Amino acid sequence: MLIQFKDMGFITIRVYGKTFPHRRDLMDAHGLEYDFRKKDFKGAFPETSNRIGKLRTYCEKKKLTMEIDGEEVIFNSKIKNPIEKLSREDLDNLDDFNLNQWIPLLDSIANEAEMGKMGNRNWKPVINDIGYEESDIESDTQYSDEWDKLSENTPFHPLRPIQKQVMDEITKAIDEGYENIVVECPTGSGKSLIAKTIPQAYGRPAYIVTHLKGLQAQYLKEMPYMKTIMGRGNYDCLLDVEPGLDNAEEAQKALDNVGTKSPESCSAALAPCKFAQGFKCSKKNPVSSTGDWDFSVDSDSLCSYFGALTKAQNSMYFVGNTAYMMAMNRSGKVIKKRPLLIVDEAHQLANNMMSFYSLTVSQRTLEKIFRVPTLSEVNNTKNPTKREKMEKQREVITKVFDSKNASPCFGVPKIPSVGLNTSQEVRKNGLQTLGKYLFALYDEIKRKIKDKDPHTKYDTRELSFANNFALKIMGLLESISVSWENWVYQVDETNPYPTWVSFKPLDVSEYADDLLLNVGERRILLSGTILDYETFGKELGLKKDNTCFIRVNYSPFKESNRPIYTAVKGGKLSRKDKGFESFKKTADAVAEIANKYPDSKGLILPFTDSIEAGLVESLALHHPLIHARIRQHSKNPKERNIVFKEFETEKSNEILISTYANQGFDGKMIDFTIIPKVPFGPLGDIQVKTKAENEPKWYALMTAVELAQMCGRCVRSEKDRGDTYIIDPAFWFHFERGFNYPLAKLLPAYLSMSILKNRYKR
């Protein structure tokens with residue numbers, strides 16, 4: 001820890017607050033480094049250094065908070081006085097990347113009066129045999145103005161007509177006794193306000209679930225009285241112990257000496273309450289004899305993680321990330337049932353559940369678990385003796401696993417991947433072989449976790465990774481043992497020895513209720529792109545006898561503000577057609593479009609990494625001026641969020657190219673979007689290929705959902721205007737004919753009409 005420098009003539013510095021716009025200055029000019037765990041900047045300087053004074057002046061100028069040897073020097077008056085209300089602009093400028101940092105600030109300034117007036121609509125029980133129903137909303141559908149009474153004295157008053165129309169239909173479905181209410185409402189129409197107002201109308205608490213961290217952050221910014229919880233790794237344990245301590249006596253001693261402030265020595269994810277058998281920590285919620293958690297205790301008497309969990313459980317609105325909510329719900333009774341579960345971007349829910357159960361064991365994973373040199377490190381080593389030693393170390397992950405080997409190795413078993421023609425018997429035998437491998441790997445990871453040797457034991461980050469991976473393995477083994485027929489596996493067959501193996505389920509309908517849906521008495525599933533109710537309901541195992549579907553058949557935004565053009569054509573970018581000439585044609589089309597907007601921001605949605613790489617390379621070669629405008633990001637989520645934030649806030653004519661901006665990205669700052677290719681799912685993935693073979697309509701629908709989401713990036717409000725270009729030369733084949741399922745019949749009508757209206761315009 002940095003504090004050790006104090007006795008050596010060094011002063012420790014921390015800087016926090018609204019640091020995002022100044023991060024480069026703090027790192028480059030002032031020599032601080034970003035602390036990913038604490039979400040602030042830190043450094044240590046000699047007592048005589050003039051850099052401390054310069055940094056103090058800089059922090060005062062930029063209204064940042066500076067901590068010198070643990071003593072706060074607060075220059076930001078708004079943070080110093082949390083009673084003072086932040087402005088709406090201040091809330092909007094909070095950095096999603098530093099979610100951990102600003103959640104306590106929101107907690108201190110949250111004003112529940114801004115929630116609006118609480119309603120008391122009658123809450124009727126669920127009826128299990130009511131019958132499947134569809135309800136359509138048109139632009140002239142009547143609505144009740146009673147909803148505006150609930151939004152009075154809030155920043156959202158009055159509500160939009162489309163929101164009132166949708167909420168009329170939702171409450172009607174609830175009052176009629178439906179358990180599942182699926183709502184398709186165009187992107188940008190304000191689904192977050194719908195999610196907030198429905199619980200408010202009934203005076204009933206709700207879980208609001210999003211699949212993206214950015215959407216979770218947006219809810220909290222717009223409505224700070226909502227509460228949230230993140231993974232345990234984002235919080236510190238109050239006990240001054242080594243991460244992963246499994247000794248109950250040592251844990252108890254640390255608990256007896258616990259203070260009120262975390263010593264920052266151990267994260268909550270690696271706390272003794274998880275590892276020390278028999279240890280009962282008084283800083284977490286007590287559990288009753290029936291296994292239920294007690295959330296009536298004072299949250300301030302608990303550690304930061306359980307304190308945040310208690311606040312969230314006692315709040316009217318609990319905003320959670322899909323992955324976290326599924327993990328916690330599956331683990332026990334931490335997530336108690338509420339009257340309402342509201343899932344935003346619900347078209348992603350089945351995929352989120354697939355990802356939750358899926359597992360890939362890769363060479364990179366094994367390198368981290370077994371602490372062996374990477375292949376690139378070996379190849380870059382010039383010393384033959386050292387190289388031979390490193391290659392020997394790598395044998396533990398390169399030699400194919402053999403359960404009978406006296407010195408077991410953990411290279412991926414060399415067996416054929418599941419194919420469309422693989423028999424059930426062969427698939428079962430393959431899963432049995434891979435199951436033995438996974439179980440042996442699990443045992444080895446647990447053995448290494450318990451290693452007490454200070455020279456070989458995992459550090460904090462390694463321990464967290466290994467423990468989480470072990471839990472994933474055990475969860476996968478349990479799922480396969482219950483329903484092996486539902487699982488496919490894919491093994492790397494491109495190398496002399498396999499470098500990865502991937503496990504994926506084909507169907508999550510049997511898991512959906514236990515995984516997430518059962519936390520709500522009523523489930524409201526919101527999305528801009530459901531498209532086909534039959535397929536959506538089947539994917540999640542929704543019963544027709546208590547499910548209602550509500551569809552908005554119009555866009556609240558004028559067609560003239562959201563045109564979709566298809567006359568400009570690039571090259572063919574299918575797997576077999578991709579080549580130098582195809583990318584040149586695509587680059588030419590991109591350049592033609594970009595030159596129409598010399599002073600505007602743009603967005604390119606390539607869908608795959610290979611298309612992005614080929615297009616950027618071709619632009620650099622053939623259109624260097626357009627290439628100079630291109631903005632890319634890495635695959636690192638933290639770095640990606642930084643790029644997104646910079647792109648959003650900086651004035652420029654940059655063109656962002658991103659495979660991650662297809663959904664959930666708020667493109668209100670961009671003037672044009674380019675879609676190089678119709679986004680078909682990867683048929684090289686055995687899970688996708690198998691599902692596509694078994695359910696061709698599902699494959700076509702997933703493509704339509706992805707395309708509709710892409711087309712909804714530019715225009716997010718009535719004031720926005722943005723042009724969308726689909727430059728795939730095969731688009732009109734897929735739109736008019738397709739392979740039995742033309743996109744024209746699958747896409748929302750308001751998108752199809754825009755495409756048809758602008759067919760010949762460039």
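The values are calculated or read from the model by the stated rules, or taken from the named source; none is laboratory data. Model, not experiment: these values are computed from the prediction. Backbone-built Cβ (ideal geometry, glycine too); neighbour counts: all protein chains shown.
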**Request:** Within segment 570-584, count every residue that is touching a Phe, Trp or Tyr at 6+ places or on another chain (Cβ under 9 Å) and buried (at least 20 other Cβ atoms within 10 Å of the Cβ).
**Result:** 3
**Fill in**
Note on segment 355-385: residues more than 17 Å from Y437 (Cβ to Cβ), surrounded by 18 or more Cβ atoms within 10 Å (Cβ to Cβ) and either touching a residue at least 40 places away in the same chain (Cβ under 8 Å) or not assigned by TED's automatic domain parsing to the domain that holds F469 (or both) are F356, Y357
**Request:** Go over the candidates A567, A587 one by one and state the one that is hydrophobic (A, V, I, L, M, F, W, C), part of a helix (DSSP H, G or I) and farther than 30 Å from I208 by Cα.
**Result:** A587
**Message:** Suppose the filter is in the same structural domain as I655 (by TED's automatic domain parsing), assigned to a helix (DSSP H, G or I) and either at positive phi or touching a Phe, Trp or Tyr at 6+ places or on another chain (Cβ under 9 Å) (or both); does K697 pass it?
**Reply:** yes
**Item:** Residue, farthest from the chain's Cα centre (by Cα), within segment 622-639, restricted to residues that are under 19 Å from G667 (Cα atoms) and crowded, with 17+ Cβ neighbours inside 10 Å
**Value:** R629
**Asked** For segment 50-70, which residues satisfy the criterion of being of a type in the set (S, T, Y) and either assigned by TED's automatic domain parsing to the domain that holds E648 or surrounded by 15 or more Cβ atoms within 10 Å (Cβ to Cβ) (or both)?
**Response** Y58, T65
**Complete:** Exactly one of Y207, Y178, Y219 is hydroxyl-bearing (S, T, Y), in a loop (DSSP other than H, G, I, E, B) and touching a strand residue (DSSP E or B) at 6+ places or on another chain (Cβ under 9 Å), and that one is Y178
**Item:** Among residues of segment 304-319, those that are under 21 Å from E179 (Cα atoms) and not hydroxyl-bearing (S, T, Y), counted
**Value:** 3
**Request:** Output the qualifying pairs, or none if there are none: Cβ atoms under 7 angstrom, residues six or more apart or on different chains, first residue in segment 468-484 and free of Cβ contacts under 8 Å to residues at least 40 places away in the same chain, second residue part of a helix (DSSP H, G or I).
**Result:** A470/Y442; A470/I445; A470/K446; M474/Y442
**Request:** For segment 146-201, enumerate the residues that are hydroxyl-bearing (S, T, Y), touching a Leu at 6+ places or on another chain (Cβ under 8 Å) and crowded, with 23+ Cβ neighbours inside 10 Å.
**Result:** T197
**Prompt:** Looking at segment 231-268, which of the residues that are modelled with pLDDT under 90 and not in a loop (DSSP other than H, G, I, E, B) is surrounded by the fewest Cβ atoms within 10 Å (Cβ to Cβ)?
**Reply:** G233
**Asked** Taking segment 391-425, which residues are modelled with pLDDT under 90 and loosely packed, with under 10 Cβ neighbours inside 10 Å?
**Response** K404, A406, S407
**Request:** Just one of (1) at pLDDT 90 or above; (2) surrounded by fewer than 16 Cβ atoms within 10 Å (Cβ to Cβ) trips up T290, so point out which.
**Result:** (1)
**Item:** Residue tally, condition part of a helix (DSSP H, G or I) and among the β-branched types (V, I, T), over segment 365-389
**Value:** 4
**Message:** Going residue by residue through segment 736-753, is there one that turns out to be buried (at least 19 other Cβ atoms within 10 Å of the Cβ), among the charged types (D, E, K, R) and in a helix (DSSP H, G or I)?
**Reply:** no
**Message:** Against the definition (outside the structural domain of P682 (by TED's automatic domain parsing), within 30 Å of N122 (Cβ to Cβ), touching a residue at least 40 places away in the same chain (Cβ under 8 Å) and part of a helix (DSSP H, G or I)), how does L349 come out, yes or no?
**Reply:** yes
